[in-house]
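No value in this document is a laboratory result; all are computed from the given coordinates. As the structure is a prediction and not an experimental result, all values here were calculated from the model. Positions of Cβ are backbone-derived with ideal geometry, glycine not excepted, and every protein chain shown enters the neighbour counts.
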């Protein structure tokens, strides 16, 4: 399945990552505070990607601090969804 966004679109543009990242290395590839992060997790799950990165995305918008907890909860739910597809 193809990702929902492409490099020429004005929306989020997650890209598959072909290595497993954990711990401190994650921050080099992911932008957890982005308002689009859960959309990107959904794209990764629908595209059957094990990992993705945000490095090529041009639409990063940081979520206000008061929304950070909700982002974390939503991101966790999307990650569980991704893992269930495997």
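The table below lists the values:
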| read-out | value |
| --- | --- |
| Dimensions in Å of segment 15-85 - Rg and Dmax from alpha carbons | 11.6, 33 |
| Relative packing of peptides 35-48, 14-27 - highest average C-beta neighbours within 10 Å first | 35-48, 14-27 |
